[in-house]
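Right, one structure below, let's go through it.
The values are calculated or read from the model by the stated rules, or taken from the named source; none is laboratory data. This structure is a prediction, so every number in the text was calculated from the model and none was measured. So basically every Cβ, Gly included, is an ideal-geometry build from the backbone, and we count neighbours across all protein chains shown.
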Amino acid sequence: MPANKRATAADAAFVITRVFDAPLSLTWKAWTEADQLKAWWGPKGCTIEVASLELRPGGFFHFNMRFANGQEWWGRFLYREIAPRQRIVWLNSFSNPGCGITRAPFAMAIPLEILNDVTFAERSCKTTVSLRATPHGATDEEIATFKSMHGSLEQGYGSTLDQLAQVLAQVSAKVSG
């Protein structure tokens, strides 16, 4: 990939940061355990079926998002780096039931893969999670499309992280109660 394309993809990065009223130990489990991921990951209103979760570099989180209207969208994370309680890096993509990469079902110009880098930091029993998403191996058109989607990404990730906050609140209440 030419150097100027990497710079263009980096310039298209989307970043979202949230502070959760939960300790790092609980927040980390929410990102790394199948039962917890299925409780909050994905668009609001869908249910997640976990096909597999191999939390290791080279492993996959393969899942099916089911919507009330009967639609199903498969997705996958290909984990690249895991630093326990600090950082998770993965390539995110839509997939088929066999875990192969597919195009987004709603727009052909969305990059096939998005590199996600999420970091975790704890202070005073609260956890700051920062996620940076960047087009990976994308064409100029796909990079431009991704950059134009930042508002939609803010809503989508925002709603997903809202669901995480609710799950963490429920788990924290059980732990402290």
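Count of segment 126-177 residues, restricted to those that are among the small types (G, A, S) and assigned to a strand (DSSP E or B), is 2.
In segment 83-110, what residues are under 15 Å from the mean Cα position of the chain (by Cα), of a type outside the set (V, I, T) and more than 17 Å from F63 (Cβ to Cβ)? Across segment 83-110, the qualifying residue is only R87. With respect to the conditions (1) closer than 20 Å to V50 by Cα; (2) of a type outside the set (A, V, I, L, M, F, W, C); (3) surrounded by 18 or more Cβ atoms within 10 Å (Cβ to Cβ), G98 falls short on a single one, namely (3). Restricting attention to segment 124-162, the residues that are surrounded by 15 or more Cβ atoms within 10 Å (Cβ to Cβ), of a type in the set (S, T, N, Q) and farther than 21 Å from F94 by Cα total 3. Of all residues in segment 38-54, those satisfying the criterion of being in contact with a helix residue (DSSP H, G or I) (Cβ under 7 Å, 6 or more places away or on another chain), touching a residue at least 24 places away in the same chain (Cβ under 8 Å) and within 13 Å of R76 (Cα to Cα) are W41, G42. The number of residues in segment 103-123 being among the charged types (D, E, K, R) and either in contact with a Pro (Cβ under 7 Å, 6 or more places away or on another chain) or exposed (fewer than 13 other Cβ atoms within 10 Å of the Cβ) (or both) comes to 2. If we scan segment 43-62, do we find a residue that is in contact with a Cys (Cβ under 7 Å, 6 or more places away or on another chain) and part of a strand (DSSP E or B)? There is at least one residue in segment 43-62 that is in contact with a Cys (Cβ under 7 Å, 6 or more places away or on another chain) and part of a strand (DSSP E or B).
Residues in segment 90-121 that are aliphatic (A, V, I, L, M), more than 15 Å from G137 (Cβ to Cβ) and at pLDDT 95 or above: V118, A121. Among the residues of segment 14-33, count how many are of a type in the set (A, V, I, L, M, F, W, C) and either within 16 Å of P84 (Cα to Cα) or at pLDDT below 95 (or both). Selection size over segment 14-33: 5. When segment 142-177 is limited to residues that are in contact with a helix residue (DSSP H, G or I) (Cβ under 9 Å, 6 or more places away or on another chain) and of a type in the set (S, T, Y), the one that is modelled with the highest pLDDT turns out to be T160.
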